[in-house]
Amino acid sequence: MRKERGRRPKKKVCAFCVDKVENVDFKEATRLRRFITERGKILPRRISGNCAKHQRQLTVAIKRSRNMALLPFTIE
């Protein structure tokens, strides 16, 4: 059994770029919920597959929606 080298998993594409979203809106709680863990943490870019621009906007949007009580800070 030889281990294959150089084989990488397929790169994920940004969900916001696919939908042609210019700005991530903090009021879309259902969309933002996909990018937080069950513990309430924000998923990193390498796992979510977002581009850098949309990941920065996503982080700000999640934090704003938490302050507006649309998303929980933690899930118990």
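The values are calculated or read from the model by the stated rules, or taken from the named source; none is laboratory data. Bear in mind the structure is a predicted one, so any value in this text is a computation, not a measurement. Glycine gets a Cβ as well: all are built from the backbone with ideal geometry, and neighbour counts include every protein chain shown.
Restricting attention to the range 1-57, the residues that are aliphatic (A, V, I, L, M) and closer than 18 Å to Asn67 by Cβ total 5. Residues that are in contact with a Gly (Cβ under 9 Å, 6 or more places away or on another chain) and modelled with pLDDT under 90 occur in the range 4-11; there is at least one.
Can you tell me how many residues within the range 25-76 are polar (S, T, N, Q), part of a loop (DSSP other than H, G, I, E, B) and more than 13 Å from the chain's Cα centre (by Cα)?
Going residue by residue through the range 25-76, those that are polar (S, T, N, Q) are 30, 37, 48, 50, 55, 57, 59, 65, 67, 74.
Restricting the remaining residues to those that are part of a loop (DSSP other than H, G, I, E, B) gives 37, 50, 74.
Narrowing the set further to residues that are more than 13 Å from the chain's Cα centre (by Cα) leaves 74.
Matching residues across the range 25-76 total 1.
Among residues of the range 36-49 that are within 11 Å of Thr74 (Cα to Cα), those with a Cβ under 7 angstrom from a residue that is aromatic (Phe, Trp, Tyr) and exposed (fewer than 14 other Cβ atoms within 10 Å of the Cβ), sequence gap 6+ or separate chain, pair up as Gly40/Phe73.
Condition first: in a loop (DSSP other than H, G, I, E, B) and of a type in the set (A, V, I, L, M, F, W, C). Now tell me which residues in the range 1-24 satisfy that. Step through it out loud before you land on a result.
Step one: list which residues in the range 1-24 are in a loop (DSSP other than H, G, I, E, B), which gives 1-14, 19-24.
Met1, Val13, Cys14, Val21, Val24, listed by residue number.
Scanning the range 23-43 turns up no residue that is exposed (fewer than 12 other Cβ atoms within 10 Å of the Cβ) and either small (Gly, Ala, Ser) or in contact with a Ser or Thr (Cβ under 6 Å, 6 or more places away or on another chain) (or both).
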